1. When the helices in the chain are scored as -39500 (n - 2.57) per DSSP H run of 4 or longer and the sum is shared across all residues, what 222 nm value do you end up with, to the nearest 500 deg cm²/dmol?
2. Taking amide H positions as placed in the peptide plane 1.01 Å from N, state which residues far from Val141 in sequence (5 or more) or on other chains have amide H under 5 Å from it.
3. Counting DSSP beta bridges with both partners in region 101-199, what percentage is antiparallel, nearest 5?
4. Under a point-charge model restricted to the Cβ atoms of Lys and Arg (+1) and Asp and Glu (-1), what is the dipole moment magnitude of region 2-121 relative to its Cα centre, in debye to the nearest 20?
5. Taking neighbour counts of Cβ atoms within 10 Å as a proxy for exposure, in what order, fewest first, do Trp102, Trp225 appear?
6. Of Thr244, Thr187, how do they rank once you tally other Cβ atoms within 10 Å and put the fewest first?
7. Out of these labelled values of Kirkwood radius over Cα pairs in Å, [x] 21.6; [y] 23.5; [z] 19.5, which was calculated from the coordinates shown here?
8. Could you state the number of Å between the C-alpha centres of region 114-137 and region 6-73?
Amino acid sequence: MTILVTGATGNIGRKVVDQLLARGATDVRALTNNPGKAALPAGVEVAEGYLGRLDSLPPAFAGVDRMYLAPAPGNVSEVLALAREAGVRHVVDLSGEPESWWGSVCTAVEGSGLAWTHLWPADFMENTLMWAPQIRETGSVREPRPESASAPIAMIDIAAVAATALLSDGHLGRAYSLGGPEVLSRTALVGHLATALGRDITFIESSRDETIEALRSAMGDRAIWYVDNVLTDFDPDPESLPITSVADITGRPATTFAEWATDNAALFTAD
């Protein structure tokens, strides 16, 4: 049973490869646009290509039974048509609820005729790295809604869920809302980072435009999209957020933000 991981050198795809190997998978194929720089583990079959180049996909799909699908909203229907033609049976996609900005992915997957498992993650813990430049330069974080809350999830936990779903038929037809183990406000996240870095970090409530300007050095023009689309989506009612999904699916505790911050503290101090 060959499992294809698309986006295999991306932030989550690379971790999916590792999680599959950790669970004993022996027939893993990794799709990457630059095999020479991929540095994938021994025993992983490397296929050159990427989802944006459709003519590279048929060789990568050949003999594949299951596939992790990185988000490709621009041409997802065409990708899935090629996968189905090649005999792919089950797709585990990273997407979002139908009404979300990644919703077109899960809608296309369901319409493809392939068996599916949707992964709908909450805010990534790694997104706090966008604060790193202003923490280094000013010792502060600027955002408009200090008490807005989410259940942020570590990418390694998303990858663990993906690997679990790829290795079992018990997750077919399931859509999993994935959250971390705690509901945390934006100020609580900053507090955990301050502890991990061993320094004071001030949260400064700011306007939309001030927030965008503070994030530009880390995100460029994507700061506008992030502030207008992501920050506004944090649930004002934390009681409604899923916080046990990773443990429920994988049987292992999810990463706490305090653990993640401690493990990644160096990323906030390095230029």
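Computed from the coordinates by the stated procedures, all read-outs in this text should not be read as laboratory data. These numbers come from a predicted model, not from an experiment. A quick note on method: Cβ atoms are made from the backbone with ideal geometry, for glycine too, and the neighbour counts reach across all protein chains shown.
1. When only DSSP H runs of four or more count, the value is -10500 deg cm²/dmol.
2. Amide H neighbours of Val141, under 5 Å, 5+ apart: Thr202, Phe203, Ile204.
3. Beta bridges within region 101-199, antiparallel portion: roughly 25 percent.
4. That gives region 2-121 a dipole magnitude of about 320 debye.
5. Trp225, Trp102
6. Thr244, Thr187
7. Correct label is [z].
8. 21 Å
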